[in-house]
Amino acid sequence: MKTRITELFGIEHPIIQGGMHYVGFAELAAAVSNAGGLGCITGLTQKTPGDLANEIAKCKDLTDKPFAVNLTFLPTVSSPDYPGYVKAIIQGGVKAVETAGRNPVEVLPYLKDAGIKVIHKCTSVRHSLKAQAIGCDAVSVDGFECGGHPGEDDIPNMILLPRAADELEIPFVASGGMADGRSLVAALALGAEGMNMGTRFIATQEAPVHQRVKDAIVAASELDTRLVMRPLRNTERVITNEAVERLLAKEKALGDQIKFEDIIDEVAGVYPRIMINGEMEAGAWSCGMVAGLINDVPTCKALIDRIMAEADALIRQRLEGMLSGSFAAAK
Ligand SMILES: Cc1cc2nc3c(=O)[nH]c(=O)nc-3n(C[C@H](O)[C@H](O)[C@H](O)COP(=O)(O)O)c2cc1C
């Protein structure tokens with residue numbers, strides 16, 4: 001399959017792995033890229049620009065295919081060394097960057113001058129248009145279903161994607177709730193030219209996280225996520241657990257008076273404990289509603305091959321069959 005996204009990034013299949021804190025290490029990024037998608041190292045999981053440079057070098061040892069680095073612009077007071085991370089990306093010869101969070105306008109000129117393709121992930125049409133206006137090459141449009149930070153507008157992809165298609169000229173991928181060939185074909189039908197997956201890629205053989213994290217995703221249904229930190233306007237979709245229930249009880253009790261310090265135990269520094277040690281009750285961790293569609297832990301190659309085969313069959317048999325007058329149930 002060819003789309004403007006496959007051509008932009010030089011990849012075989014229009015499937016991207018989104019940056020994920022303490023998940024997007026070289027092992028996963030390389031596995032996705034080797035399977036024909038675009039893998040992604042999460043920049044800020046690396047504590048220093050030097051660590052990121054080492055992770056990029058490791059990924060290059062594991063794949064000769066293009067991969068991306070995610071740069072998330074956090075709403076924090078003490079800003080990470082973004083110029084240092086950008087330097088590591090450029091010097092590492094990385095071909096693509098996924099930006100997320102705040103508008104990437106400050107780093108964009110450096111990335112563009114180095115010939116790096118930039119895909120900005122955002123949760124609204126207005127932010128997508130802004131990304132286009134400042135010169136991003138593509139957008140990852142992240143619907144309300146997504147794991148992580150869905151923003152504050154709460155527009156699901158069934159509406160958000162065709163709205164983006166109506167307004168954008170640059171290509172975009174659908175992000176949030178994507179899991180299989182059905183997701184890909186639906187995303188293409190709604191105007192996207194590929195899809196970005198987060199949660200689905202955690203439940204793969206190569207994702208370098210504790211087995212209990214993968215098991216939790218397979219066990220979860222579409223009803224098992226919660227939105228936390230909404231009163232702080234930093235909404236995050238997470239899988240429910242005891243820490244999340246505690247956090248939500250604090251939000252309910254403190255209402256608009258809540259401050260980040262009140263929930264620090266449930267959210268600060270919990271990712272390594274969960275992802276690496278498998279301490280599943282340590283705190284809140286991002287997970288999409290799409291967990292309800294995830295029932296196995298395949299290799300990245302098996303997953304991507306299956307998605308492309310499903311998409312092919314859907315388009316050539318189910319949809320084409322309907323057009324030519326023969327029809328069958330989906331299963
Ligand atoms: C565990 C986890 C950690 C994430 N960390 C980040 C991150 O650090 N930066 C970022 O831009 N997006 C992050 N995301 C969002 C993903 O890149 C992606 O946009 C999202 O998962 C898509 O929704 P889906 O989970 O329904 O596929 C994270 C998602 C998950 C599930």
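Yes/no per residue for (1) farther than 22 Å from residue 143 by Cβ; (2) within 16 Å of the ligand (Cβ to nearest atom); (3) touching a Lys or Arg at 6+ places or on another chain (Cβ under 8 Å); (4) among the β-branched types (Val, Ile, Thr):
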{"position": "23", "(1), (2), (3), (4)": "no, yes, no, yes"}
{"position": "28", "(1), (2), (3), (4)": "yes, yes, no, no"}
{"position": "40", "(1), (2), (3), (4)": "no, yes, no, no"}
{"position": "62", "(1), (2), (3), (4)": "yes, no, no, no"}
{"position": "102", "(1), (2), (3), (4)": "no, yes, no, no"}
{"position": "105", "(1), (2), (3), (4)": "yes, no, no, yes"}
{"position": "109", "(1), (2), (3), (4)": "yes, no, no, no"}
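Looking across region 44-93 at every residue that is loosely packed, with under 12 Cβ neighbours inside 10 Å and among the hydroxyl-bearing types (Ser, Thr, Tyr), the one that is nearest to the chain's Cα centre (by Cα) is identified as 76.
Here is a yes/no grid of residues against (1) within 15 Å of the ligand (Cβ to nearest atom); (2) among the β-branched types (Val, Ile, Thr); (3) touching a residue at least 40 places away in the same chain (Cβ under 8 Å):
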{"residue": "133", "(1), (2), (3)": "no, no, no"}
{"residue": "140", "(1), (2), (3)": "yes, no, yes"}
{"residue": "157", "(1), (2), (3)": "yes, no, no"}
{"residue": "172", "(1), (2), (3)": "yes, no, yes"}
{"residue": "182", "(1), (2), (3)": "yes, no, yes"}
{"residue": "189", "(1), (2), (3)": "no, no, no"}
{"residue": "240", "(1), (2), (3)": "yes, yes, no"}
{"residue": "243", "(1), (2), (3)": "yes, no, yes"}
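Of everything listed in (1) over 22 Å from residue 180 (Cα atoms); (2) away from the ligand (no atom under 11 Å from the Cβ); (3) part of a loop (DSSP other than H, G, I, E, B), the single unmet condition for residue 2 is (1). Of the conditions (1) more than 13 Å from the ligand (Cβ to nearest atom); (2) touching an Asp or Glu at 6+ places or on another chain (Cβ under 7 Å), residue 288 satisfies every one except a single condition; which number is it? Among (1) more than 13 Å from the ligand (Cβ to nearest atom); (2) touching an Asp or Glu at 6+ places or on another chain (Cβ under 7 Å), the lone unmet condition for residue 288 is (1). Each residue in region 191-215 was checked for being within 14 Å of the ligand (Cβ to nearest atom), buried (at least 17 other Cβ atoms within 10 Å of the Cβ) and under 18 Å from residue 303 (Cβ atoms), and 15 pass. For the structure I just gave you, tell me whether residue 68 is more than 16 Å from the ligand (Cβ to nearest atom), under 23 Å from residue 214 (Cβ atoms) and in contact (Cβ under 8 Å) with a residue 40 or more places away in the chain. No, not satisfied. Among the candidates 327, 260, the residue that is over 25 Å from residue 16 (Cα atoms), loosely packed, with under 11 Cβ neighbours inside 10 Å and either within 20 Å of the chain's Cα centre (by Cα) or more than 16 Å from the ligand (Cβ to nearest atom) (or both) is uniquely 327.
Taking the listed residues 226, 273, 233, the one that is basic (Lys, Arg), at pLDDT 95 or above and over 28 Å from residue 39 (Cβ atoms) is 226, with no other qualifying. Put simply, of 67, 144, 73 the only residue that is under 30 Å from residue 301 (Cβ atoms) and of a type in the set (Phe, Trp, Tyr) is 67.
Each residue in region 264-288 was checked for being more than 19 Å from residue 247 (Cα to Cα) and crowded, with 23+ Cβ neighbours inside 10 Å, and 1 pass.
The values are calculated or read from the model by the stated rules, or taken from the named source; none is laboratory data. This one's a predicted model, so the numbers in the text were calculated from it and none came from an experiment. Because the Cβ atoms are built from the backbone with ideal geometry, glycine has one as well, and the counts that use them run over all protein chains shown.
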